[in-house]
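To keep things clear, I will list the structure first and then write my remarks on it.
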Amino acid sequence: MADETLARDLEQRIEELGYELVDLEQAGDANRPILRIRIDTQDSAAESGIRVEDCTNVSRGLEAYLDERESISPRYVLEVSSPGVERPLVRPRDFTRFAGREIAVRGKSALAGRSKRLEGTLVGLDEEAEPEQVILRLSDGDEVRLPRSDISKANLIFRWGGDSRPS
């Protein structure tokens, strides 16, 4: 799990550069930490895309901050990339923004009494429910409510040669 203070600082700096932090992964070790950052344009649609120039801008915009941060070894590796066509859904706003899109979710255990992995159309997020619930319409038409805390991974589904939106 990423250092929460570092994640908040990076998110703020990335937003100041005009982008959105999608995901932060910390790997490596204390002597050679690896920071993998996935960015997107702010309030993007999945099709808008991140260019190499965008990744370069964010990388350059973060280097001075990371170089000065004492808790990070000067031998750190910074990897900045797009979220990809199967963009991960990480934050509550992702489950609202991409409503109507086809997604896959993976659970820590069986979801909705079915299996650990489900695919369907994202209906949205019920933030009023306790716990917060992702609403998913399955291909058989059933609508299931999944506690967001039970989802270990969620991402958009990309279909080659076609639209990943439901017909």
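The values are calculated or read from the model by the stated rules, or taken from the named source; none is laboratory data. The structure displayed is predicted, hence computed values, not measured ones. So basically every Cβ, Gly included, is an ideal-geometry build from the backbone, and we count neighbours across all protein chains shown. Note: accessible area is taken over every heavy atom of the protein model, side chains too, but ligands, DNA and RNA are not part of it. Shrake-Rupley method; radii C 1.70, N 1.55, O 1.52, S 1.80 Å.
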(request) Provide a single number: the residues in region 130-144 that are loosely packed, with under 14 Cβ neighbours inside 10 Å and outside any loop (DSSP other than H, G, I, E, B). (result) 1
(request) Go through (1) over 15 Å from ILE151 (Cβ atoms); (2) of a type in the set (Lys, Arg); (3) without any contact (Cβ under 8 Å) to a residue 24 or more places away in the chain one by one and return the number of the condition LYS116 breaks. (result) (1)
(message) Restricting to region 105-129, give me the number of residues that are open to solvent by 70 Å² or more (accessible area, probe 1.4 Å) and not in a strand (DSSP E or B).
(response) 4
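Listed here are the residues, each with its yes/no results for (1) aliphatic (A, V, I, L, M); (2) in contact with a Pro (Cβ under 6 Å, 6 or more places away or on another chain); (3) part of a helix (DSSP H, G or I).
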{"position": "ILE14", "(1), (2), (3)": "yes, no, yes"}
{"position": "VAL22", "(1), (2), (3)": "yes, yes, no"}
{"position": "GLU25", "(1), (2), (3)": "no, no, no"}
{"position": "LEU35", "(1), (2), (3)": "yes, no, no"}
{"position": "ILE39", "(1), (2), (3)": "yes, no, no"}
{"position": "ASN57", "(1), (2), (3)": "no, no, yes"}
{"position": "GLU63", "(1), (2), (3)": "no, no, yes"}
{"position": "VAL90", "(1), (2), (3)": "yes, no, no"}
(message) hydrophobic (A, V, I, L, M, F, W, C) and either modelled with pLDDT of 95 or more or within 17 Å of the chain's Cα centre (by Cα) (or both): which single residue out of ALA64, ALA112, ALA129, ALA104 fits that description?
(response) ALA104
(message) Yes or no: region 139-146 includes at least one residue that is at negative phi and within 17 Å of the chain's Cα centre (by Cα).
(response) no
(request) Would you please name the residue that is nearest to ILE39 (Cα to Cα), looking only at residues in region 80-124 that are touching a Lys or Arg at 6+ places or on another chain (Cβ under 7 Å) and basic (Lys, Arg)? (result) ARG101
(message) Suppose the filter is in contact with a Ser or Thr (Cβ under 7 Å, 6 or more places away or on another chain) and among the hydrophobic types (A, V, I, L, M, F, W, C); does ALA30 pass it?
(response) yes
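How many residues does region 125-162 contain that are in contact (Cβ under 8 Å) with a residue 60 or more places away in the chain and polar (S, T, N, Q)? Please lay out each step first, then the result.
Initial filter on region 125-162 (in contact (Cβ under 8 Å) with a residue 60 or more places away in the chain): 153-158.
Narrowing further to those that are polar (S, T, N, Q): 155.
Residues that pass the stated criteria total 1.
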(request) Quick one: count up the residues across region 9-50 that are of a type outside the set (S, T, N, Q), closer than 15 Å to GLY84 by Cβ, surrounded by fewer than 16 Cβ atoms within 10 Å (Cβ to Cβ) and in contact (Cβ under 8 Å) with a residue 12 or more places away in the chain. (result) 2
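Return yes when GLU70 is open to solvent by 40 Å² or more (accessible area, probe 1.4 Å), under 23 Å from THR96 (Cα atoms) and either free of Cβ contacts under 8 Å to residues at least 40 places away in the same chain or touching a Phe, Trp or Tyr at 6+ places or on another chain (Cβ under 6 Å) (or both) and no when it is not. Walk me through how you get there before you give the answer.
Values: open to solvent by 40 Å² or more (accessible area, probe 1.4 Å): yes; under 23 Å from THR96 (Cα atoms): no; either free of Cβ contacts under 8 Å to residues at least 40 places away in the same chain or touching a Phe, Trp or Tyr at 6+ places or on another chain (Cβ under 6 Å) (or both): yes.
When the stated conditions are applied, GLU70 does not pass them.
Quick one: which residue in GLU79, GLU102 is more than 26 Å from ALA27 (Cβ to Cβ) and either surrounded by 15 or more Cβ atoms within 10 Å (Cβ to Cβ) or touching a strand residue (DSSP E or B) at 6+ places or on another chain (Cβ under 7 Å) (or both)? Write out each step before concluding.
On the way: GLU79 fails: more than 26 Å from ALA27 (Cβ to Cβ).
After applying the criteria, what remains is GLU102.
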